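Everything below concerns the one structure shown next.
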Amino acid sequence: MALDFEQQYYSDKVQLIVGTDEAGGCLLGPVFAGAVILPKDFKCDLIDDSKKLTEKKREEAYQIITENAIAWGKGFCTVEEIDEINILNASRLA
């Protein structure tokens, strides 16, 4: 995956772009979220939509991301937190 979509946003003022995704939610339990900053010139055909990957390929993608990312993180919110602050805010908090 080339960061084609992101390339249009880089400028003298924008040097880092954070990609995020979440999964889960109130009907399924907690909500989980991840965020990553990849180098501007990062390229890897394997990194795309994790739902399209086998478990083995997802593990390989995780390894590539954690070894090459400028920064990455993961978090979650509990069902109780979702009930208290709603799913949108819980996704953002995670």
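The values are calculated or read from the model by the stated rules, or taken from the named source; none is laboratory data. This structure is a prediction, so every number in the text was calculated from the model and none was measured. FYI the Cβ positions are ideal-geometry reconstructions off the backbone, even for glycines, and counts take in every protein chain you see. When the accessible area is computed, the model is the full protein with side chains, heavy atoms only, and any ligands, DNA or RNA have been set aside. Shrake-Rupley method; radii C 1.70, N 1.55, O 1.52, S 1.80 Å.
Could you tell me whether any residue of region 78-93 is outside any strand (DSSP E or B), among the basic types (Lys, Arg) and at pLDDT below 90?
As a first pass, look at region 78-93 and keep what is outside any strand (DSSP E or B): 78-93.
Then keep just the ones that are among the basic types (Lys, Arg); that gives 92.
This time we only want the ones that are at pLDDT below 90, so: none.
No: region 78-93 contains no residue that is outside any strand (DSSP E or B), among the basic types (Lys, Arg) and at pLDDT below 90.
Based on what the data block shows, is Thr54 of a type in the set (Val, Ile, Thr), out of contact with any strand residue (DSSP E or B) (no Cβ under 8 Å at 6 or more places or on another chain) and loosely packed, with under 11 Cβ neighbours inside 10 Å? Spell out how you get there, then give the answer.
Working: of a type in the set (Val, Ile, Thr): yes; out of contact with any strand residue (DSSP E or B) (no Cβ under 8 Å at 6 or more places or on another chain): yes; loosely packed, with under 11 Cβ neighbours inside 10 Å: yes.
Yes.
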### Task
Return the residue satisfying two criteria in turn: it lies in region 11-33 and is under 14 Å from Asn86 (Cα atoms) and of a type in the set (Gly, Ala, Ser), and of such residues it is most open to solvent (accessible area, probe 1.4 Å).
Gly24
### Query
Only one residue in Ile47, Ile65 is open to solvent by less than 60 Å² (accessible area, probe 1.4 Å), free of Cβ contacts under 8 Å to residues at least 40 places away in the same chain, closer than 20 Å to Asp4 by Cβ and out of contact with any Gly (no Cβ under 7 Å at 6 or more places or on another chain), so which one is that?
Ile65
### Message
Within region 2-10, does at least one residue satisfy the condition of being touching a strand residue (DSSP E or B) at 6+ places or on another chain (Cβ under 7 Å) and either surrounded by 12 or more Cβ atoms within 10 Å (Cβ to Cβ) or touching a residue at least 24 places away in the same chain (Cβ under 8 Å) (or both)?
### Response
yes
### Query
Inside region 11-41, can you point out the residues that are over 15 Å from Ser91 (Cα atoms) and out of contact with any strand residue (DSSP E or B) (no Cβ under 8 Å at 6 or more places or on another chain)?
Ser11, Asp12, Lys13, Val14, Gln15, Pro39, Lys40, Asp41
